[in-house]
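Report on the following structure.
Computed from the coordinates by the stated procedures, all read-outs in this text should not be read as laboratory data. Keep in mind the model is a prediction, meaning the values are calculated, not measured. As a convention, Cβ positions derive from the backbone with ideal geometry for all residues, glycine included, and neighbour counts pool all protein chains shown.
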Amino acid sequence: MAEAVFSHMVDEAGLSDEITVDSSGTGTWHIGEPPCSGTRDVLARRGYEYNGRARQVNAADMSDPDTMIIAMSADNMRDLHDRYGDHPRQYRLLDFTENSSVQDVPDPYYEGNFEYVYQLVEDGCRGLLKSIQQSESF
């Protein structure tokens, strides 16, 4: 969900030549599969076209110190740290929100709270893009 939302925001900002958006999970459960139907439904209702497939994060993803690594939760952050060590630009998506006191994006697959998760993701993505645009590189 976050990849679709952030990619759309990057495209709308005219930054798709400068920002590459990619998504990967810490687990192997759904490698090669499309997002679950709840995610596809919430994205489709908002006009997002997304054809991504699940993949697992790997060492190459974590090797560039200039790449921003955006995790959905503290558990994801711990998993990444345990496997790959420290990364200088690793954050949680909701570190960038302006409107939420929540720190972790819950997995809607288990709770069925896709609309709520969409709102969190949209807010986090908006704040992330704003942060990137305000950085020295833009």
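How would you rank 24-34, 103-113, 120-130, highest first, on the average number of other Cβ atoms within 10 Å across their residues?
120-130, 103-113, 24-34
How large is ³J(HN,Hα), in whole Hz, for each residue of segment 54-67 in order, when computed from phi with the Karplus curve 6.51 cos²θ - 1.76 cosθ + 1.60 and θ = phi - 60°, using x for Gly and Pro?
Here the 3J(HN,Hα) series is 5, 9, 9, 4, 9, 4, 4, 4, 9, 7, 8, x, 8, 7 Hz.
Taking 0.36 nm per residue of separation and subtracting the Cα-Cα distance, what length does fully extending Gln119 through Gln134 add?
Fully extending the segment from Gln119 to Gln134 adds 3.1 nm.
In whole Hz, what ³J(HN,Hα) sequence does segment 18-23 give by Karplus (6.51, -1.76, 1.60; θ = phi - 60°), x for Gly and Pro?
9, 10, 9, 10, 8, 10
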